[in-house]
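Participant: I'd like to ask some things about the structure below.
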Amino acid sequence: MSRLMYLVQRLKDRLLQKQLRYGPKRTPGVALVTGANKGIGLEVVRQLSEEGWMVILCARSRESGSQAATKAGKRVVFVELDVTSQTSIAAAAQEVSGLTGAVDLLVNNAAILLREQDQSVCEVNVDVLRQCWETNCLGPLLTTRALLPLLRNSKAARVINVSTEISRLSRMRQSFPAYCISKTGLNAVTRQLSAACQADGIPVNALCPGWVKTDMGGPGATIPIEQGARAIVRLGTEVSGDITGMFIANGRILPW
Ligand code: NAP
């Protein structure tokens, strides 16, 4: 994309974007966060716990997940979950239903970004494409499906898929091809789930936390981890359930 096209796109975004409206905080319930042993996921767990939620902290590593859960706050419970394994997803869903009758907030946060920034989509390794697709796109879909009975048991469940601005088709450029393609897939999953869950009254949205200082964000990132996580927590706890099937960044609804 040329510089001029990029600027035109930004201008179009500005004209089309809508500010999110935040309301009073929901009554705390039960939240589940995937990939929460570190980074943004762990900080989301910490903030929700501070606000009085019971939080199920999921991670693929039993050791770092259980260590993180003991430090993350009150009423934080660790459940092992590798989002690329259907066996692990089914076992986790069963364990969660033994712990609680309902899930009020699901944050599909787990993801990978394999260092491929200098590679073109014409050359990127097929295993990298597959791993990103399975973790970042199929993982959230299969996790949400497995937890649907528990989400349906909630009076006001919400699902947040943690995506990225660079996955928006209108912003797509030649960088991180496997990551971007998998997150664009996640955006499509968001739209499909939003439509499919409308009858159950479950809003499903995608959100970009910004360029956040984590292992994935790297040393150049500009946004503190607390701020990136806060955007997710606010969407899950302060935004009306009428908003569904949207892409959200910086407190605004943006075009896909
Ligand atoms: P991070 O620090 O690298 O954390 C990623 C988390 O996902 C880790 O806990 C990791 O577990 C977990 N994970 C990876 N594969 C998994 C699997 N198969 N099953 C379960 N968990 C798995 O990244 P982050 O920056 O916190 O990113 C969190 C979310 O924000 C991601 O969805 C990311 O795409 C999104 N995001 C981040 C940025 C940014 O600038 N940081 C920008 C836009 C969007 P292990 O420790 O076991 O690897």
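The values are calculated or read from the model by the stated rules, or taken from the named source; none is laboratory data. Everything quoted here is computed from the prediction, not taken from an experiment. Note that we place each Cβ from the backbone using ideal geometry, even for glycine, and neighbour counts take in every protein chain shown. In case anyone asks, the SASA skips ligands and DNA or RNA and just uses the protein heavy atoms, side chains included. Shrake-Rupley method; radii C 1.70, N 1.55, O 1.52, S 1.80 Å.
Participant: In the chain, what percent of the accessible surface is made up of carbon and sulfur (1.4 Å probe, ligands and nucleic acids excluded)? Can you show the working numbers first?
Facilitator: Numbers: 6700 of 12570 Å².
The nonpolar share, carbon plus sulfur, comes to 53 percent.
Participant: Past the 20 angstrom mark, what percentage of all C-alpha to C-alpha distances in the stretch 105-256 do you count?
Facilitator: Numbers: 5451 of 11476 pairs.
Of all Cα-Cα pairs in the stretch 105-256, 47 percent lie more than 20 Å apart.
Participant: Continuing with the same structure: Given the Cα-Cα distance of Gln198 and Asp127 and 0.36 nm per residue of separation, how much length would full extension add, in nm? Show your work: numbers first, answer last.
Facilitator: Numbers: separation 71, 0.36 × 71 = 25.56 nm, distance 3.50 nm.
Length gained between Gln198 and Asp127: 22.1 nm.
Participant: Relative to the compact-globule scaling 2.2 N^0.38 Å, provide the ratio for the alpha-carbon radius of gyration of the chain.
Facilitator: Details: Rg = 17.4 Å, N = 256, 2.2 N^0.38 = 18.1 Å.
Relative to the rule-of-thumb radius for its length, the chain sits at 0.96.
Participant: Helix-derived [θ] at 222 nm for the chain: sum -39500 (n - 2.57) over DSSP H runs of at least 4, divide by residue count, nearest 500?
Facilitator: Mean residue ellipticity, 222 nm, calculated: -13000 deg cm²/dmol.
Participant: Another question about this same structure. For the chain, give the magnitude of the charge dipole about the Cα centre (Cβ charges: +1 Lys/Arg, -1 Asp/Glu; no others), in debye to the nearest 20.
Facilitator: For the chain, the charge dipole is close to 840 debye.
Participant: What pairs in Lys183/Lys213; Lys18/Lys213; Lys25/Lys155; Lys71/Lys183; Lys71/Lys213 have C-alpha atoms more than 24 Å from each other? Please report the intermediate quantities before stating the final value.
Facilitator: Values: Lys183/Lys213 19 Å; Lys18/Lys213 26 Å; Lys25/Lys155 15 Å; Lys71/Lys183 30 Å; Lys71/Lys213 20 Å.
Going by Cα-Cα distance, Lys18/Lys213; Lys71/Lys183 fall outside the 24 Å limit.
Participant: Work out the length of the dipole vector of the stretch 127-201 about its Cα centre, built from +1 on the beta-carbon of each Lys and Arg and -1 on the beta-carbon of each Asp and Glu, and round it to the nearest 20 debye.
Facilitator: Working: 10 positive and 4 negative charges, 44 e Å.
About 200 debye.
Participant: Mind pulling the angle between the C-alpha long axis of helix 177-196 and the longest principal axis of the chain? Nearest 10 degrees, somewhere in 0 to 90.
Facilitator: So the inclination is approximately 50 degrees.
Participant: Report the trypsin sites (Lys or Arg not before Pro) located in the stretch 72-173 that are in a DSSP loop and have at most 16 other Cβ atoms inside 10 Å of their Cβ, or state none.
Facilitator: Details: sites: Lys74, Arg75, Arg115, Arg130, Arg145, Arg152, Lys155, Arg158, Arg168, Arg171, Arg173; in loops: Lys74, Arg75, Arg115, Lys155, Arg168, Arg173.
Within the stretch 72-173, the qualifying trypsin sites (Lys or Arg not before Pro) (loop, at most 16 other Cβ atoms within 10 Å) are Lys74, Arg75, Arg115, Lys155, Arg173.
Participant: Send over a whole-number figure in Å² for the accessible area per residue of the stretch 207-248, probe 1.4 Å. Don't skip to the end; give the middle numbers.
Facilitator: On the way: 1770 Å² over 42 residues.
Using a 1.4 Å probe on heavy atoms only, each residue of the stretch 207-248 averages 42 Å².
Participant: Could you work out how far helix 139-152 tilts from the main Cα principal axis of the chain, as a 0 to 90 degree angle to the nearest 10?
Facilitator: Between helix and principal axis, roughly 40 degrees.
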